[in-house]
Structure formats: C-alpha cells, structure tokens
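The values are calculated or read from the model by the stated rules, or taken from the named source; none is laboratory data. Please read these numbers as outputs of a predicted model, since none were measured by experiment. Backbone-built Cβ (ideal geometry, glycine too); neighbour counts: all protein chains shown.
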Amino acid sequence: MRDLFICPRNSLRTNWSDACPSAKVYKAVSSVRLSRKDAYLFWLHVDADSQNWAEHSIQQVIKNFPQSRIIILSNVPDQAEALIMLGWGALGYCHAFSAAELLLEVKNAVLHGGIWIGRDLLKSMISATTALVGNKTAVVESNLGRLTKREKQVAIEASKGLSNKEIARALKITERTVKAHLSATFERLGVKDRLQLALMLNEKNSS
C-alpha cells in the first residue's frame, strides 16, 4: 500500500522518509491526483491547532479514497485528541517525531487490520475496560496456553502497552524476534492489534 504524507508544509521529516522511503508528500488531500479505486496509507500531520483541518482531511480521504487507511502524526500527542481522531476514522495515532522503527510498527499494525493508539492511551483503555470486559482467570490461562513459552512472555509484556524495543530490552532478545513472536501470537489468538491482545489477556478485576 502506497504511503502518502499530507503535510501543510509539504515536506517530509527525516524519520518519515526513513520509515517510508518511497512516500509522496502533499500539502492537502485535495492535491492527491491518484486513482480513487486504489488503496493508500494516508499519514496526516497534525499541529496542535489544526484539529479542524484534520477532521476535514479525514473526511476527504474517506469520501474520495474509500479503500485507504489513515494514520495521524501529531506534534503534541494527546489522549483525548487520539480518541477523537479514531472516532473520525483514523486507524493509527502517534507522535510526529517518533523514530522510523516505531513508525514501521504503527504502519504494520494498521496494514494488518489493527489500530495503533500508543502506549499511554493503551494503558488507560486497558485500565478503564478490564473491569467491564476482562476475562476470568481460567480464560486468560487458556489463551496463554495456546502460545509457546517465549510467545507468552512477549504477549504479556505487549499487553501492558510496551513497545517492541521495550519488550526486547526486558526479555533480552532482539526487536526482530519480538516482532516474529507477536505476529505468531496474533495469528494463534485471532487478534489484529495490541489492544485486542491486551483485552484478551487481562483478567477481570471484580468477581
């Protein structure tokens, strides 16, 4: 899926181009003159005061490129804003200055049908929803029992909201190994992203 960066300044940051070397950059969605039948990955660069622009841009993508997916790059990430953007139709939300490696993680999650909301928001959502939709201990143990020992270790850390780099550091393995275990885990458990994984592996707080 082709990467299209929508940035009012019409320039690619180094971390963006490192993550997506063949990406194209446009000042606005209206400037994109590509087939509307094809699917693209739109990265929308949002400043602190451009929420209205973001809403309009998301609407344009959904209307004119319905097969495409949207990731928000925010200069000043905010949990409330993230939820708003996801409500409008974005599938990913992250810091505009994130390292290329993290941007690739975000891209991979979205391309595989999942969402990316960042560690802090993920943790908040897990805390807020576990008591309501969490699983009983036996269910959690059953889910973990479908994984290998190392997959289980990686899954538990990922369900806490840790990034691949943080998981690799904690378990003393490479990030590539973390990615491989997460891919296998998602397939075994039938989940698309870390939020689904977290909700599946977190227990109910109340009886």
* Asked: Residues in the stretch 167-207 that are in a helix (DSSP H, G or I) and farther than 18 Å from Ser124 by Cα: how many?
  -> 20
* To do: Looking only at the stretch 102-112, decide whether some residue is outside the structural domain of Leu195 (by TED's automatic domain parsing), among the polar types (S, T, N, Q), surrounded by fewer than 20 Cβ atoms within 10 Å (Cβ to Cβ) and modelled with pLDDT under 90.
  => yes
* Mind checking whether some residue in the stretch 126-137 is at pLDDT below 75, in a loop (DSSP other than H, G, I, E, B) and surrounded by fewer than 17 Cβ atoms within 10 Å (Cβ to Cβ)? -> yes
* Please enumerate the residues belonging to the stretch 9-23 that are surrounded by 14 or more Cβ atoms within 10 Å (Cβ to Cβ), in contact with a strand residue (DSSP E or B) (Cβ under 7 Å, 6 or more places away or on another chain) and in a loop (DSSP other than H, G, I, E, B). => Leu12, Cys20, Ala23
* List every residue pair whose Cβ atoms sit under 7 Å apart, with the two residues 6 or more apart in sequence or on different chains, where the first one lies in the stretch 45-68 and is within 17 Å of Lys27 (Cα to Cα) and the second, anywhere, is of a type in the set (Asp, Glu). => Gln51/Glu81
* Asked: Could you give every pair whose Cβ atoms fall below 7 Å, whose first residue belongs to the stretch 149-166 and is on the phi > 0 side of the Ramachandran plot and in a loop (DSSP other than H, G, I, E, B), and whose second residue is basic (Lys, Arg) and surrounded by fewer than 20 Cβ atoms within 10 Å (Cβ to Cβ), counting only separations of at least 6 or pairs across chains?
  -> Gly161/Arg119; Gly161/Lys123
* Structure fact -> Pairs returned, first residue in the stretch 26-40 that is under 21 Å from Trp53 (Cα atoms), second residue that is of a type in the set (D, E, K, R), beta-carbon separation under 6 angstrom, 6 or more apart or interchain, are Tyr40/Arg2
